[in-house]
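**Student:** Provided herewith is a single structure, encoded as structure tokens, for subsequent inquiry.
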Amino acid sequence: QVHLVESGGGLVQPGGSLRLSCAASGSIVSIYSWGWFRQAPGKQRELVANIIRDGKTNYTDSVKGRFTISRDNAKNTVQLQMSSLRPEDTGVYYCHAIERLINYWGQGTQVTVSS
């Protein structure tokens, strides 16, 4: 069993930056893929970015050039650096990990972009 805990959400003005972090604990052998998803009110959860063990990354089009996902394999952590934030980036951000073919989710952290 793997437990994910996110941190770093909050309220930020448009154009601002936030950094989300997620740490995994428990019976970890090797996390193959990390991801950040978000869910806005009334909308489906969507993939924001993911990164696999070899470092290959994938971003949804709306965040390309503004968000950067990174991972520390030794520490079993993942970060999402968010810049040039827009009101439409508002939502609950969830950390996701795949470890030995099992999907794990964090509890979510709120990100609100508003003036």
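The values are calculated or read from the model by the stated rules, or taken from the named source; none is laboratory data. Nothing here was measured: the structure is a model prediction, and the numbers come from that model. Backbone-built Cβ (ideal geometry, glycine too); neighbour counts: all protein chains shown. Heavy atoms of the whole protein, side chains included, go into the accessibility calculation; ligands, DNA and RNA do not. Shrake-Rupley method; radii C 1.70, N 1.55, O 1.52, S 1.80 Å.
**Student:** Pull out all pairs, ordered by first then second residue, where Cβ-Cβ is under 7 Å, the residues are six or more apart or on different chains, the first lies in region 69-86 and is free of Cβ contacts under 8 Å to residues at least 60 places away in the same chain, and the second is exposed (fewer than 13 other Cβ atoms within 10 Å of the Cβ) and not in a strand (DSSP E or B).
**Tutor:** From region 69-86, no pairs qualify.
**Student:** Across region 93-107, which residue is surrounded by the most Cβ atoms within 10 Å (Cβ to Cβ) among those that are assigned to a strand (DSSP E or B) and not aromatic (Phe, Trp, Tyr)?
**Tutor:** Ranking the qualifying residues of region 93-107, first place goes to 95.
**Student:** Residue 110: touching a residue at least 12 places away in the same chain (Cβ under 8 Å), within 13 Å of the chain's Cα centre (by Cα) and surrounded by 14 or more Cβ atoms within 10 Å (Cβ to Cβ), yes or no?
**Tutor:** Taking the combined requirement at face value, the residue does not satisfy it.
**Student:** I'd like to verify a number: residues in region 77-92 that are out of contact with any Phe, Trp or Tyr (no Cβ under 6 Å at 6 or more places or on another chain) and open to solvent by less than 40 Å² (accessible area, probe 1.4 Å), how many?
**Tutor:** Within region 77-92, residues that are out of contact with any Phe, Trp or Tyr (no Cβ under 6 Å at 6 or more places or on another chain) and open to solvent by less than 40 Å² (accessible area, probe 1.4 Å) number 8.
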